[in-house]
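Undergrad: Here's a structure for you.
Readers should treat all values here as calculations from the given coordinates under stated rules, not as data from a laboratory. Since the model is a prediction, treat every value here as computed from it, not as a measurement. Cβ placement follows ideal geometry from the backbone for every residue including glycine, while neighbour counts extend to all protein chains displayed.
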Amino acid sequence: MNATISNRGGRLATLAVGTILFAAAGCGGSDDDESTAASEPTTAETASTDGEALAAAVDEYAAYVRREAAALTDSTAEFVAAVDAGEVERAKEIYPSARVHFERIEPVASAFGDLDPDIDGRAGDIPPDEWGGYHRIEKALWVHGSTKGLEPITAELVDDVGNLDAVANREEFEAPDIAQGSVDLLGEVSASKITGEEERYSHTDLWDFEANVQGAEAGFDALKPTLERADPKLVAEIEKQFEAMYDLLDGYRRGDGFVLYDTLTPKDTRELARQVDALAESLSRVPSLVG
Amino acid sequence: MTNEPKGKPDGRGLTRRGLIKTAGAAGAGLGLGAGGFALGSASAAESDDGTGTVPFRGERQAGVVTAAQDRLHFAAFDVTTTSRAELVELLRAWTAAAARMTEGELAGPRNDEPLLPPEDTGEALGLLPSRLTITFGFGPTLFESAGAGRPTRGAGADRFGLSRLRPPALRELPPLPAEAIEPARSGGDLCVQACADDPQVAFHAVRNLARIGRGKVVLRWSQLGFGRTSTTTRAQATPRNLMGLKDGTNNIRAEDAEALDEHVWAGAEAPAWLRGGTYLVARRIRMLIEVWDRATLSDQELTIGRAKYSGAPLTGSDEFDQPNLAARGADGPVIPRDAHVRLAAPQLNAGTRILRRGYSFTDGFDEVTGQLDAGLFFISFQRDPARFEAIQRNLGRDALNEYVKHTSSAVFAIPPGTREGTYIGQALLEA
Ligand code: HEM
């Protein structure tokens, strides 16, 4: 199957792009869940031709996706264990950081059937009797303060996350999809994080927000060597915008995480939203440069 | 009939149309004479020089199959009076004023009393009729004790004694996908849809009806629409919505009599007072246009299932080619599984079609996001609101949902039209 990390399964394959495949088994992913692609020197940076650079970018991004999927499997197991044990407070504590691994690679889930709505669906978007996943548990924890009756939901969640991990290890990516996935991640921020709708019970939206930005950055970093050749000015612009984005987010950090979203004023959210728009606008130029 | 020139409609000779009265009449050959019914309002004068009028009176209300005008002012009202007699009085007064205004007249006879406010607010003086239509509707809460979420105003369980006449189909929509409904922009006991080719003419109509209603009704919410997003007759060119997409291509048209009977006009299933009428569903759909604007061309086209520039389905080359939902490419269906036109298509909705008649809106600026607060004020007409509901449920998987959010919801029963001497909803109130 010709997979894509954009949220339109198979769609971008209709574009005339050089298909760059990677051998899924070949790249050893680390389990270090804190690493983002930005932190290490990469094979992509040393590649000499565009074709090699793109192939290296695809490898690098695929490894990132596998790392995050593996980390999500672990963090979800920990979260589910707390929920199943009825430890409401502990589950609430783990909840936001368990989810960041999903938020970083959400476009991968969106590309495959119902993985995204099953894991991350929000009340109202899904018929009540089919609603499961993280947000269903979020509501139970924050609104009802109880984990009663959640066993089928937690079991499903573990299954779905396992499926996402399988997808991450099996599927092949294409460079334009990676670029589009980065833009889509910021679209997620604009659509549901900025408004506080994503984490409407826990108000932990800023964790998701940052994770989406990190996921977008991982895609960009993988493609950077190619982009440097095609449009160095654009690379500089995007880097500047990422920096401004993180600077803004830094203002809301508390301890290991963030302040709760309902403490932000409209002026705060406006500022964040506009920075997302500025960043995403420059990133939206990337797909055509790597296709 | 009613778009024929009147001698001295207000007894003073002052009309909005003034000098152009004769010109307006020239395109109005469809009148059937006083007391008769005009044959559906779609065929009314469609002049684009502003002189055209659309008959208010007729078997059906105008503003449904009428060739979609360029501008909209939609208003929902709550009834504050608890007196049925006053409600009747209001509907009589609204009917009379609407009949006048749609002809390009003032809302009421001119007065020259220095110590009285003018009968008409005046901002449409000198403006052309602009094909104004005014369409009235009754919300579910009119049939209840008091509107949902509002304090009871001393009325009994059934304030106007109408509950036995309430069609079961007339109810607020349940929670649906892709929405974050703001109650303050939703619902309402009565609605007024004013459409015209001149925005001030549409505004004037709502303003004067609100004024006539003071003391009996209060405005609950209102929405301006600045550009049509549909076509409702064969002759009209397809406009574009704010996503830059041709919208209305596969709509039901005034000429599709069979489709209208099957999908739009309420039939024997409806109570007698509503038969021949329809139901209006209104949804304020906010577009996340900043997000849309950075989606690639290919992504935009795959989201909707049609080509951006030509409007042709991805399986065809002409705008009016029918989408081929079965066509497959190397990677699956050519029109993707989550494309809007696939999920909205009759083939995926048990054959259901609806008549869309929405408008682009902007309400300025969203203070939470700093983004343009703009989108599509979606209006559809169907013989049962459950049909809209079913399609919207199917759109739960719509790729478009990444870019849109429904922020209001309202449902109104649109009774059939009036003839000279009758008032809107008379069959309901005198049943
Ligand atoms: C902002 C939101 C929306 C946008 C931008 C939009 C846009 C479009 C466009 C561009 C088309 C293709 C051209 C055409 O046939 O008119 C279309 C078709 C259609 N849309 Fe929408 N639409 C929106 C919301 C809705 C909603 C809420 C419904 C109903 C629940 C709906 C029902 C339909 C139907 C029935 C068709 C015709 C499908 C066919 O038979 O081919 N749309 N829409």
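Undergrad: Once you average over the residues of A:184-193, how many Cβ atoms of partner chains fall within 10 Å of each Cβ? Write out the running numbers ahead of the final one.
TA: On the way: counts 5, 0, 2, 8, 2, 1, 8, 9, 4, 0.
The mean count of partner-chain Cβ atoms within 10 Å per residue comes to 4.
Undergrad: Cα centroids of region B:348-395 and region A:171-204: how far apart, whole angstrom?
TA: 24
Undergrad: In debye to the nearest 20, how big a dipole does region A:61-173 give about its Cα centre with +1 on each Lys and Arg Cβ and -1 on each Asp and Glu Cβ?
TA: Dipole about the Cα centre, nearest 20: 320 debye.
Undergrad: Taking only Cα atoms, what is the 0 to 90° angle, nearest 10, from helix B:199-213's long axis to the longest principal axis of chain B?
TA: 50
Undergrad: So if I take the centroid of the Cα atoms in region A:100-148 and the same for region B:67-133, what is the distance between those two points in Å?
TA: One Cα centre to the other: 50 Å.
Undergrad: Roughly how tilted is helix B:84-102, in degrees to the nearest 10 and between 0 and 90, from the longest Cα axis of chain B?
TA: Between helix and principal axis, roughly 80 degrees.
Undergrad: Using Cβ contacts closer than 10 Å as the measure, can you line up B:Thr102, B:Thr121, A:Thr76 from fewest to most?
TA: B:Thr121, A:Thr76, B:Thr102
Undergrad: What per residue convex hull volume, in Å³, do the alpha-carbon atoms of region B:319-419 yield?
TA: 173
Undergrad: Which pairs break 18 Å Cα to Cα here: A:Lys92/A:Lys267; A:Lys193/A:Lys267; B:Lys246/B:Lys308; A:Lys139/B:Lys405; B:Lys308/B:Lys405?
TA: The pairs that break the limit, which is 18 Å between Cα atoms, are A:Lys92/A:Lys267; A:Lys139/B:Lys405; B:Lys308/B:Lys405.
Undergrad: If you wrap a convex hull around the alpha carbons of region A:122-235, what volume per residue comes out, as a whole number of Å³?
TA: Measuring per residue, one finds 121 Å³ for the Cα hull of region A:122-235.
Undergrad: Follow-up. State, in angstrom, two size descriptors of region B:185-309 derived from its alpha carbons: Rg to one decimal place and Dmax to the nearest whole number.
TA: When restricted to the Cα atoms of region B:185-309, Rg and Dmax are 18.2, 54 Å.
Undergrad: Still on this model: For region A:61-173, what ratio Rg/Rh do Cα atoms give with a Kirkwood hydrodynamic radius? Don't skip to the answer; put the middle values down first.
TA: On the way: Rg = 13.5 Å, Rh = 14.0 Å.
Dividing the radius of gyration by the Kirkwood radius yields 0.96.
Undergrad: Still on this structure: Within region B:280-311, find all residues whose amide N lies under 17 Å from a label point positioned 7 Å from the Cα of B:Phe320 along Cα-to-beta-carbon.
TA: Hits in region B:280-311 for B:Phe320 at 17 Å: B:310-311.
Undergrad: Relative to the compact-globule scaling 2.2 N^0.38 Å, provide the ratio for the alpha-carbon radius of gyration of region B:226-288.
TA: The reported ratio for this selection is 1.37.
Undergrad: Give the share of C-alpha pairs in each 5 angstrom bin for region A:48-102, from 0 to the last occupied bin, in whole percents, shortest bins first.
TA: Going from the shortest bin to the longest, the percentages are 4, 21, 18, 14, 11, 8, 8, 6, 5, 4, 2, 0.
Undergrad: Can you compute 3J(HN,Hα) from phi for each residue in region B:378-394, using the Karplus curve 6.51 cos²θ - 1.76 cosθ + 1.60 with θ = phi - 60°, rounded to whole Hz and x for Gly and Pro?
TA: 7, 10, 9, 10, 7, 6, 7, x, 4, 6, 4, 4, 5, 5, 5, 4, 5
Undergrad: With the crude spin-label approximation of a point 7 Å out along Cα→Cβ, what separation in nm comes out for A:Glu239 versus A:Asn169?
TA: In this crude spin-label approximation the distance works out to 3.6 nm.
Undergrad: Over the C-alpha atoms of region A:174-291, what are the Rg and the largest Cα-to-Cα span, Dmax, in Å?
TA: 14.5, 45
Undergrad: While we're on this one: So for chain B: antiparallel DSSP bridges make up what percent, rounded to the nearest 5?
TA: 95
Undergrad: To the nearest 0.05, how large is the calculated FRET efficiency for B:Ala257 and B:Ala350 if R₀ is 25 Å and r is the Cβ-Cβ distance?
TA: 0.70
Undergrad: Right, next: Please find, in a Gaussian network model of chain B (springs between Cα atoms separated by less than 10 Å), the residue of B:Asp299, B:Asp366, B:Asp331 whose mean-square fluctuation is greatest.
TA: B:Asp331
Undergrad: With label points built 7 Å along Cα→Cβ from the Cα atoms of A:Ala85 and B:Ser83, find their separation and express it in nm.
TA: 7.1
Undergrad: Once phi is turned into θ = phi - 60°, what whole-Hz ³J(HN,Hα) does the Karplus curve with 6.51, -1.76 and 1.60 give for every residue of region A:174-179, x standing for Gly and Pro?
TA: For region A:174-179, the Karplus-derived couplings read 10, 4, x, 5, 5, 5 Hz, x marking Gly and Pro.
Undergrad: Just the ratio, please: alpha-carbon radius of gyration of chain B over 2.2 N^0.38 Å, N its number of residues.
TA: 0.98
Undergrad: Nearest 500 deg cm²/dmol is fine: what mean residue ellipticity at 222 nm does chain B get from its DSSP H runs of n ≥ 4 alone, each adding -39,500 (n - 2.57), divided by its residue count?
TA: -4500 deg cm²/dmol
Undergrad: In addition: At what distance in nm do the modelled label points of A:Lys139 and B:Asp293 sit from each other, each positioned 7 Å from its Cα along Cα→Cβ?
TA: Calculated label separation equals 3.5 nm.
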